[in-house]
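J.: Have a look at the structure that comes next, please.
The values are calculated or read from the model by the stated rules, or taken from the named source; none is laboratory data. Note that the structure is predicted; figures quoted are calculated from it, not measured. As a convention, Cβ positions derive from the backbone with ideal geometry for all residues, glycine included, and neighbour counts pool all protein chains shown.
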Amino acid sequence: MKRLLLGLLLASPTLLFAQGSQVNTQSLKAVGMSGAGSALFIDESSIFYSPGALSKMDHNAISAGVSGIMYRSAFREANSMDVHHTKFKITPPFSVFATFGPKDTWWKAGLGIYTPFGGSVDWGDQWPGKYELNYLQMRAIYIQPTISFKLTENFGIGGGFIYNIGLVDLGRSIPLASADAASGKAELSGVGTGMGYNVGVHYHLENTIAISLSYRSKINTKLKDGDAEFTVPPALAASFPNTTFSAELPLPASFNIGVSFPVSERVDIAADGTFLGYDIYKELVFDYKDNTAVLQDTEQPKKYENAFSGKVGVNYKTTDKLALRAGAGYVFTPVQANYVSPETPDNNRVMASAGFTYEVNDKWSLTGAYVFQHLLKRSVTSAVTNLSGTYVTNIHAPGISLTYKW
């Protein structure tokens, strides 16, 4: 039993990389349309959404944005009327994009620094799943230099190298009571790195309808020498040594297709569909530096499935200075019911959004957006821990960004 609990403990970071921790706030213009707009918006955020569009920019720009993701989840254990809520937390994913190159030329270079995965959740230590999780903070920071070429006036291609820095910090209770009846505690933290790439093409049909195709590779993030610290009764300290661990945490590949078309001089509609290659999560192996009879290397089943998301949005240029946006989307979860966990109690979700961009002058613009996501109620029994109950989750994500162009 102790070996099982420790295996689950150190497997927790990978469960974060489910759909529930994916952060799609790289462009707040796209956020205002629920993530649609990879074909519509040709700007510095194309470094992430559509590298092939970058070369079609007729200027250079730098933008910086931040969102406040508020993740609230509730859990009701089976055969109980008690409802347990996560504590209020705000996760601030950020993005910085900059482009370089001559104006009105056949190439453009850029650099993006952004957080496509991340989250913060705190269940406390007084809920039925405390032996699965107390608290968790996670962030994946991607650094992506990019180059793009315009082969014709309508057709652009591009690609970038990605270097990922992943940070994880979590804690959970251990069922080993001390003299004062307090549960033991395990706390884990670590930094992992990995590499990948992002490629894409962008094509205009008669300068009106646009199509974007992009592919982001999987990134196998290698976490080495993570710290594992245990608080247990002194008599058990030898079985729970403070030690380090290593693991490989795969981040999924994705393929996105986007299309946009005008319905009037001031109104454009855009739609995006994304295929997410989560089936790489078959199992996960953890290697602990110091093994004991309790703390052994573990293999944890994941059995994730591939997933798909669809988004549609409208962009309305009310004046030359102000654009308004709205959107909606639906996301299918990659997590099978028996493998749902409190780190990200994921399920299929619906989303709705609104946003704006205000052109302050020829050089400065301000963009804001808000997206709401509702994860459908899900009643599950964990195949690993047997924790049984119902999760309900909502996510609120307002954001703002500032752009300077020249």
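J.: Please specify each residue of region 66-90 satisfying the condition of being free of Cβ contacts under 8 Å to residues at least 40 places away in the same chain and buried (at least 19 other Cβ atoms within 10 Å of the Cβ).
T.: THR86
J.: Within region 115-159, how many residues are farther than 18 Å from LYS89 by Cβ, part of a strand (DSSP E or B) and touching a Gly at 6+ places or on another chain (Cβ under 9 Å)? Quick ask: steps written out before the conclusion?
T.: Applying the first criterion (farther than 18 Å from LYS89 by Cβ) to region 115-159 yields 116, 128, 131, 141-159.
From what's left, part of a strand (DSSP E or B): 116, 141-150, 155-159.
Going one step further and asking which of them are touching a Gly at 6+ places or on another chain (Cβ under 9 Å), we end up with 141-150, 155-159.
Count: 15.
J.: Okay, next question. Taking region 281-321, which residues are modelled with pLDDT under 80, under 25 Å from TYR49 (Cβ atoms) and not in a loop (DSSP other than H, G, I, E, B)?
T.: Filtering region 281-321 for residues modelled with pLDDT under 80 gives 281-288, 294-303.
Then keep just the ones that are under 25 Å from TYR49 (Cβ atoms); that gives 281.
None; the set is empty.
J.: Can you list the strands (runs of 3 or more DSSP E) lying wholly within region 1-98 that have 3 or more residues being of a type in the set (A, V, I, L, M) and modelled with pLDDT under 90? It would help to see each step written out before you state the result.
T.: Working: elements: 61-67, 69-77, 83-85.
Strands (runs of 3 or more DSSP E) meeting the threshold: none at all.
J.: Against the definition (buried (at least 16 other Cβ atoms within 10 Å of the Cβ), more than 28 Å from PRO262 (Cα to Cα) and either modelled with pLDDT of 85 or more or not hydroxyl-bearing (Ser, Thr, Tyr) (or both)), how does ALA181 come out, yes or no?
T.: Values: buried (at least 16 other Cβ atoms within 10 Å of the Cβ): no; more than 28 Å from PRO262 (Cα to Cα): yes; either modelled with pLDDT of 85 or more or not hydroxyl-bearing (Ser, Thr, Tyr) (or both): yes.
Against the criterion (buried (at least 16 other Cβ atoms within 10 Å of the Cβ), more than 28 Å from PRO262 (Cα to Cα) and either modelled with pLDDT of 85 or more or not hydroxyl-bearing (Ser, Thr, Tyr) (or both)), ALA181 does not qualify.
J.: Out of all the residues in region 207-235, which are touching a strand residue (DSSP E or B) at 6+ places or on another chain (Cβ under 8 Å) and of a type in the set (A, V, I, L, M)?
T.: Scanning region 207-235 gives ILE209, ALA210, ILE211, LEU213, ILE219, LEU223, ALA228, VAL232.
J.: Filter region 45-57 for residues that are surrounded by 24 or more Cβ atoms within 10 Å (Cβ to Cβ) and either aliphatic (A, V, I, L, M) or under 14 Å from LYS103 (Cβ atoms) (or both) and give the result.
T.: Once the filter is applied, which keeps residues that are surrounded by 24 or more Cβ atoms within 10 Å (Cβ to Cβ) and either aliphatic (A, V, I, L, M) or under 14 Å from LYS103 (Cβ atoms) (or both), region 45-57 yields ILE47, ALA53, LEU54, SER55.
J.: Looking at region 345-363 only, could you name the residues that are in contact with a Lys or Arg (Cβ under 8 Å, 6 or more places away or on another chain) and small (Gly, Ala, Ser)?
T.: Residues satisfying the conditions are SER353, ALA354, GLY355.
J.: Looking at the structure I just gave you, is SER214 within 21 Å of GLY159 (Cα to Cα) and buried (at least 22 other Cβ atoms within 10 Å of the Cβ)? Outline the logic, then answer.
T.: Numbers: within 21 Å of GLY159 (Cα to Cα): yes; buried (at least 22 other Cβ atoms within 10 Å of the Cβ): yes.
So SER214 fits the description; yes.
J.: Here is a follow-up. State the number of residues belonging to region 212-238 that are assigned to a loop (DSSP other than H, G, I, E, B) and of a type outside the set (Ser, Thr, Tyr).
T.: First, the residues of region 212-238 that are assigned to a loop (DSSP other than H, G, I, E, B): 217-218, 232-233.
Filter once more, so that each one left must be of a type outside the set (Ser, Thr, Tyr): 218, 232-233.
The total comes to 3.
J.: For residues in region 362-399 being exposed (fewer than 14 other Cβ atoms within 10 Å of the Cβ) and among the hydrophobic types (A, V, I, L, M, F, W, C), which is modelled with the highest pLDDT?
T.: TRP364
J.: Something else now. Residues in region 257-292 that are among the β-branched types (Val, Ile, Thr) and more than 30 Å from GLY32 (Cα to Cα): how many?
T.: To start, the set of residues in region 257-292 that are among the β-branched types (Val, Ile, Thr) comprises 257, 259, 263, 267, 269, 274, 280, 285, 292.
With the extra rule that they be more than 30 Å from GLY32 (Cα to Cα), the set shrinks to 280, 285, 292.
Counting residues in region 257-292 that are among the β-branched types (Val, Ile, Thr) and more than 30 Å from GLY32 (Cα to Cα) gives 3.
J.: Something else: For ALA383, work out the one condition from (1) part of a strand (DSSP E or B); (2) within 30 Å of LYS130 (Cβ to Cβ); (3) among the hydrophobic types (A, V, I, L, M, F, W, C) it doesn't fulfil.
T.: ALA383 satisfies all of (1) part of a strand (DSSP E or B); (2) within 30 Å of LYS130 (Cβ to Cβ); (3) among the hydrophobic types (A, V, I, L, M, F, W, C) except (1).
J.: Across region 91-134, what is the total count of residues that are crowded, with 18+ Cβ neighbours inside 10 Å, within 30 Å of LEU151 (Cβ to Cβ) and among the hydroxyl-bearing types (Ser, Thr, Tyr)?
T.: 3
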